[in-house]
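Here's the structure we're looking at; comments come further down.
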Amino acid sequence: MRSDVKQRKAETLATVMQLSAADAAKFWPIYAEYDAELTKLNDLRVANIQEYASTYDQMTNEKADELIQKALAYRKQRSELVAKYYERVRQALGATTAARFFQIEDQLLSIIDLQIDSSLPIVGKSS
């Protein structure tokens, strides 16, 4: 499923970015590096979700706090990663193209977040 999402995300990005051949030659190698780093970061998110699922029925205040702290750390790291690659795209292709990358990526990540978050049950009462 993750590879399908990555493929569709890249296709959407390619369509909306509207890069010339010369700009695409600069952009896609940077994006590939970004995507590799994002995949590693998303592995942390998947592990946290799996831990949430396995402890959901025995949720304690301590476990809930631990899981949310991990989720907040993930979001912070992802935000820093996007900022890092915004800067790399800006240096290679200018601020307008970098802004377009940032806007599209932010929208796609928001959609993915909503899909994931809406599929997870809300934490019940603490034990």
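The values are calculated or read from the model by the stated rules, or taken from the named source; none is laboratory data. Computed from a predicted model, the values in this text were never measured in an experiment. Virtual Cβ from ideal backbone geometry, glycine too; neighbours counted across all protein chains shown. We work out accessible area using only protein heavy atoms, side chains counted, and drop any ligands, DNA or RNA first. Shrake-Rupley method; radii C 1.70, N 1.55, O 1.52, S 1.80 Å.
Quick notes
- Top-ranked residue of region 1-42 - restricted to ones that are closer than 26 Å to residue 116 by Cβ and either in contact with a Phe, Trp or Tyr (Cβ under 6 Å, 6 or more places away or on another chain) or among the basic types (Lys, Arg) (or both), ranked as least open to solvent (accessible area, probe 1.4 Å): 34
- Within region 86-119, considering residues that are in contact with a Lys or Arg (Cβ under 7 Å, 6 or more places away or on another chain) and among the small types (Gly, Ala, Ser), the one most open to solvent (accessible area, probe 1.4 Å): 92
- Check on residue 122, open to solvent by 90 Å² or more (accessible area, probe 1.4 Å) and assigned to a loop (DSSP other than H, G, I, E, B): yes
- First in region 86-113 and in contact (Cβ under 8 Å) with a residue 24 or more places away in the chain, second anywhere and among the basic types (Lys, Arg) and open to solvent by less than 50 Å² (accessible area, probe 1.4 Å), Cβ under 6 Å, 6 or more apart: 108/9
- Residue within region 69-78 that is open to solvent by 30 Å² or more (accessible area, probe 1.4 Å) and over 14 Å from the mean Cα position of the chain (by Cα) present: yes
- Residues considered: 65, 57. Of these, the only one that is open to solvent by 70 Å² or more (accessible area, probe 1.4 Å), acidic (Asp, Glu) and modelled with pLDDT of 95 or more is 65.
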